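The values are calculated or read from the model by the stated rules, or taken from the named source; none is laboratory data. Since this is a predicted model, take the numbers as computed values, not measurements. In this analysis, Cβ positions are derived from the backbone assuming ideal geometry, glycine residues included, and neighbour counts consider all displayed protein chains.
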Amino acid sequence: MKSLPPASPVDLLVVGGGPIGIACALAARNAGLSARIVEKGAIVNSMVGYPSQMEFFSTPELLEIGGHPLATRRYKPLREEAIDYYRGVAQRENLDIRLGERVLAVTGNAGAFSVETTRGVHEARAVVLAIGFFDQPNKLDVPGGDKTHHLIAFAALTFPSAALYRRALIWVLPAALIYGIAIELIQPYVGRHGERVDFYADAIGALIGVALGVLLNVILIQPLAKKHQRPRA
Ligand SMILES: Cc1cc2nc3c(=O)[nH]c(=O)nc-3n(C[C@H](O)[C@H](O)[C@H](O)COP(=O)(O)OP(=O)(O)OC[C@H]3O[C@@H](n4cnc5c(N)ncnc54)[C@H](O)[C@@H]3O)c2cc1C
């Protein structure tokens, strides 16, 4: 992609390299103006954070920009297809895009703006803020976090047999560990990330499930069972 020195002024500076920012820069250039995009992350940074394999509501022609066709395998595009599409358009059009540069302040007036970024200052006659709002997700405030969920889920797998049928642990525990490994190995093939730390959380959870189950068995289930045992004749 073309990269002008930071000091060279442009007609239009676009803040944000999402679909709208790219479309604005293209429209400006097609009108004979010089344009530059300043993006704090990657091209279409918001979409990078969307769920893997997410299907758009819109059909392709509603997402197209600059007259470039968006080819899709299905009726509606997936996140991955859209990311490839917008990045492909930016590349084919040889747009001037500055990535990994966050805009901090815009000062000045029409005809003479100064755009301060984490990497310097850009001068522009006009500025478009195409900063969207989808790159700031409202994360579900679930207490505990991901690793705790792994731990609890795997404790729940081994707890019942540890508490009620300890002999089954000889296959339940290895099966739980193999299951944990398999999950992490399969994930990269379905657009997710396998994490060794997730497996460690699974293993610790499985052992905690065993410990709690055995404890329950010894201090409650066995004494209760003995109490209710009929005396032998
Ligand atoms: C689950 C989901 C499904 C959707 N489905 C559809 C659909 O079917 N059809 C549809 O039309 N729309 C859909 N949308 C919405 C669509 O993705 C947005 O409308 C589109 O991304 C908006 O583009 P944008 O360029 O305005 O903003 P964004 O894509 O959010 O881009 C803004 C960019 O600005 C950058 N930025 C922000 N602040 C700064 C800064 N200070 N300095 C530098 N860069 C900065 C960000 O990193 C980002 O790359 C969907 C959204 C979600 C979350």
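Checking the structure you have, find out if any residue of segment 15-27 is farther than 11 Å from residue 130 by Cβ, modelled with pLDDT of 95 or more, surrounded by 15 or more Cβ atoms within 10 Å (Cβ to Cβ) and assigned by TED's automatic domain parsing to the domain that holds residue 61. Walk me through it before giving the result.
The first filter runs over segment 15-27 and keeps only residues farther than 11 Å from residue 130 by Cβ, leaving 26-27.
Subset that is modelled with pLDDT of 95 or more: 26-27.
Those left that are additionally surrounded by 15 or more Cβ atoms within 10 Å (Cβ to Cβ): 26-27.
Still in the running and assigned by TED's automatic domain parsing to the domain that holds residue 61: 26-27.
So far as segment 15-27 goes, yes, one or more of its residues are farther than 11 Å from residue 130 by Cβ, modelled with pLDDT of 95 or more, surrounded by 15 or more Cβ atoms within 10 Å (Cβ to Cβ) and assigned by TED's automatic domain parsing to the domain that holds residue 61.
Go through (1) under 23 Å from residue 52 (Cβ atoms); (2) in contact with a Pro (Cβ under 6 Å, 6 or more places away or on another chain) one by one and return the number of the condition residue 120 breaks.
Looking at each condition in turn, residue 120 falls short on (1).
Given the condition assigned to a helix (DSSP H, G or I), among the β-branched types (Val, Ile, Thr) and modelled with pLDDT under 95, answer yes or no: does some residue in segment 193-211 qualify?
Yes - at least one qualifying residue is present in segment 193-211.
Which of the residues spanning segment 98-123 are buried (at least 18 other Cβ atoms within 10 Å of the Cβ), within 14 Å of the ligand (Cβ to nearest atom) and closer than 16 Å to residue 8 by Cα?
Result: 98, 115, 117, 122.
Please state which one of 26, 13, 70 is away from the ligand (no atom under 11 Å from the Cβ) and in contact (Cβ under 8 Å) with a residue 40 or more places away in the chain.
Step by step, each of 26, 13, 70 is checked, and only 26 is away from the ligand (no atom under 11 Å from the Cβ) and in contact (Cβ under 8 Å) with a residue 40 or more places away in the chain.
Going through 89, 128 one at a time, which residue ends up being within 24 Å of residue 67 (Cβ to Cβ), within 13 Å of the ligand (Cβ to nearest atom) and assigned to a strand (DSSP E or B)?
Of the residues listed, the single one that is within 24 Å of residue 67 (Cβ to Cβ), within 13 Å of the ligand (Cβ to nearest atom) and assigned to a strand (DSSP E or B) is 128.
Looking at 100, 32, 67, 17, can you tell me which residue is touching a helix residue (DSSP H, G or I) at 6+ places or on another chain (Cβ under 8 Å) and in a loop (DSSP other than H, G, I, E, B)?
Selected residue: 17, the only one of 100, 32, 67, 17 that is touching a helix residue (DSSP H, G or I) at 6+ places or on another chain (Cβ under 8 Å) and in a loop (DSSP other than H, G, I, E, B).
Tell me whether segment 30-53 contains one or more residues that are charged (D, E, K, R) and either under 27 Å from residue 187 (Cβ atoms) or loosely packed, with under 14 Cβ neighbours inside 10 Å (or both).
no
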